[in-house]
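> Next up is a structure, given as structure tokens.
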Amino acid sequence: MKKGILLCGHGSRTKTGTDAFKELVSILKARYTDYEVDYGFLEFNHPVYEASIERMYQKGIREIYALPIILFAGSHAKNDIPYEMNTIQSYYSDLTIKMGKHLGVNSFLLELAQKRVLEEESKHTPMDRKEVCLMVVGRGTTDTDANSDVHKLACMLGEGMGFGFTTVSYSGTAYPNVTKSLELTSKMGFKRTIAIPFFFFTGILLERIYNQIRTFSETSPYEYVYTKAFGSDELILKAFDERLDEAINGTANMNCQLCKYRKQIVGLESEVGKEQVGHHLGVKGVLFEEDEKVGQKNSVFTKIKKGLGI
């Protein structure tokens, strides 16, 4: 029996971000032809995960591998998506959903980061990297475990490429933000700073990062440049191949030794044993409708919703 792959996106408030995600979906559909490949969003966009899984169920799929299109293990990967999958799993008696691991720290992501830096360097006057600062920009989360993965990749990238200094900033939530990091590193006098956002696709957050860098550079004597997003590069696809293989063979384990829900982590002691409940229910599918209808009048999910009076 054919099995399914659900690509679990976050969702974007910009059509460019949503379109970029759908482009990745198209590429992976062509890559995984032995599977029924579909996609869904955690918030903002259609289809939500329930609709996508029901769509596959109606096609006879009874085993689904859910692959988070998530870079690092913040609350989306540890809490929200597992909550959604567990909830949806409870709707069916003959469907199995196996969740894969987020991309995290891996050689493919490191190699792709190097590729993006080299692409940006080629656009400018050659300069000794010892005179250049590398700034890795992460999404930022309240989960220090996820933030530490950004630091690890930044360290491996910066030291591996021989930059004079490597720092990390965040688009939000965690400290320091992009502007504050630029203020701090500007005091070190590096002739050029290359910012590399660790983001899959373009969108509001990435445009905000670019704007902050451009604004800061207007009043600085130094040069500030930035790379494009990771996109649907072949190296990203190889990383998904690895995560799919892990999900199939039962080795897709989270980093539970440093999970704030399982262990007492410094500064996050109150999170231990916290109930796993998603917090995106109020913004699920509130923006862009899908191009084609995904609902099934007599679907399992529709019947459940009617029974609950939703």
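The values are calculated or read from the model by the stated rules, or taken from the named source; none is laboratory data. On a predicted model such as this, the values are computed, not experimentally measured, just so you know. Using ideal geometry, Cβ is built from the backbone for each residue, glycine included, and neighbour counts are taken over all protein chains shown. Accessible surface areas use protein heavy atoms only, side chains included; no ligands, DNA or RNA. Shrake-Rupley method; radii C 1.70, N 1.55, O 1.52, S 1.80 Å.
> Report, by residue number, each residue of region 117-149 that is within 25 Å of G189 (Cβ to Cβ) and assigned to a helix (DSSP H, G or I). So that I can check it myself, show each step before the final result.
Of the residues in region 117-149, the ones within 25 Å of G189 (Cβ to Cβ) are 117-118, 120-138.
Passing the criteria: V117, L118, E120, E121, R129, K130, E131.
> Identify the single condition in (1) surrounded by fewer than 16 Cβ atoms within 10 Å (Cβ to Cβ); (2) closer than 22 Å to G231 by Cα that L28 does not satisfy, given that it satisfies every other one.
Against the list (1) surrounded by fewer than 16 Cβ atoms within 10 Å (Cβ to Cβ); (2) closer than 22 Å to G231 by Cα, L28 comes up short only on (1).
> Please verify whether L244 is modelled with pLDDT of 65 or more, under 19 Å from H76 (Cα atoms), aliphatic (A, V, I, L, M) and part of a helix (DSSP H, G or I), treating the condition exactly as stated. Talk me through it step by step, then tell me what you get.
Details: modelled with pLDDT of 65 or more: yes; under 19 Å from H76 (Cα atoms): yes; aliphatic (A, V, I, L, M): yes; part of a helix (DSSP H, G or I): yes.
For L244, the condition - modelled with pLDDT of 65 or more, under 19 Å from H76 (Cα atoms), aliphatic (A, V, I, L, M) and part of a helix (DSSP H, G or I) - is met.
> Give me a count of the residues in region 126-165 that are in contact with a helix residue (DSSP H, G or I) (Cβ under 9 Å, 6 or more places away or on another chain), touching a residue at least 60 places away in the same chain (Cβ under 8 Å), of a type outside the set (V, I, T) and surrounded by fewer than 17 Cβ atoms within 10 Å (Cβ to Cβ).
Matching residues across region 126-165 total 2.
> If we scan region 229-241, do we find a residue that is part of a helix (DSSP H, G or I), under 21 Å from A77 (Cβ atoms), modelled with pLDDT of 95 or more and of a type outside the set (A, V, I, L, M, F, W, C)?
Initial filter on region 229-241 (part of a helix (DSSP H, G or I)): 234-241.
Applying the additional criterion that residues be under 21 Å from A77 (Cβ atoms) yields 235-241.
Now drop any that are not modelled with pLDDT of 95 or more, which leaves 235-241.
Keeping just the survivors that are of a type outside the set (A, V, I, L, M, F, W, C) gives 238, 241.
Yes, because at least one residue in region 229-241 is part of a helix (DSSP H, G or I), under 21 Å from A77 (Cβ atoms), modelled with pLDDT of 95 or more and of a type outside the set (A, V, I, L, M, F, W, C).
> Within the set of pairs 6 or more residues apart or between chains, which connect a residue that is more than 23 Å from H76 (Cα to Cα) inside region 35-63 to a residue that is part of a helix (DSSP H, G or I) and at pLDDT 95 or above with Cβ atoms less than 7 Å apart?
Pairs found: E36/M56.
> On the given criteria, is S90 small (G, A, S), open to solvent by 50 Å² or more (accessible area, probe 1.4 Å) and over 20 Å from E242 (Cβ atoms)?
Numbers: small (G, A, S): yes; open to solvent by 50 Å² or more (accessible area, probe 1.4 Å): yes; over 20 Å from E242 (Cβ atoms): yes.
Criteria met by S90.
> When you go through (1) touching a Leu at 6+ places or on another chain (Cβ under 7 Å); (2) at pLDDT 95 or above; (3) under 29 Å from S148 (Cα atoms); (4) of a type in the set (K, R) one by one for R13, which number turns out not to apply?
Of everything listed in (1) touching a Leu at 6+ places or on another chain (Cβ under 7 Å); (2) at pLDDT 95 or above; (3) under 29 Å from S148 (Cα atoms); (4) of a type in the set (K, R), R13 misses just condition (2).
> Looking at region 189-225, which of its residues are in contact with an Asp or Glu (Cβ under 7 Å, 6 or more places away or on another chain) and either in a loop (DSSP other than H, G, I, E, B) or open to solvent by 20 Å² or more (accessible area, probe 1.4 Å) (or both)?
Once the filter is applied, which keeps residues that are in contact with an Asp or Glu (Cβ under 7 Å, 6 or more places away or on another chain) and either in a loop (DSSP other than H, G, I, E, B) or open to solvent by 20 Å² or more (accessible area, probe 1.4 Å) (or both), region 189-225 yields F190, K191.
> Which of the residues belonging to region 54-70 are open to solvent by less than 30 Å² (accessible area, probe 1.4 Å) and touching an Asp or Glu at 6+ places or on another chain (Cβ under 8 Å)?
Answer for region 54-70, where residues must be open to solvent by less than 30 Å² (accessible area, probe 1.4 Å) and touching an Asp or Glu at 6+ places or on another chain (Cβ under 8 Å): M56, I61.
> Further question on the same structure: Six or more apart or on different chains, Cβ atoms under 8 Å: show the pairs whose first residue is in region 227-251 and closer than 12 Å to I69 by Cα and in contact (Cβ under 8 Å) with a residue 40 or more places away in the chain and whose second is open to solvent by 40 Å² or more (accessible area, probe 1.4 Å) and of a type outside the set (D, E, K, R).
S232/I27; I236/F108; L237/I27; A239/F108
> Ok, one more. Filter region 1-23 down to residues that are of a type in the set (A, V, I, L, M) and surrounded by fewer than 22 Cβ atoms within 10 Å (Cβ to Cβ) and give me whichever is farthest from L205 (Cα to Cα). First the steps, then the outcome.
First, the residues of region 1-23 that are of a type in the set (A, V, I, L, M): 1, 5-7, 20.
Add one more test, that the residue is surrounded by fewer than 22 Cβ atoms within 10 Å (Cβ to Cβ), and what stays is 1, 20.
Numbers: M1: 41, A20: 14 Å.
Applying the filter and picking the extreme gives M1.
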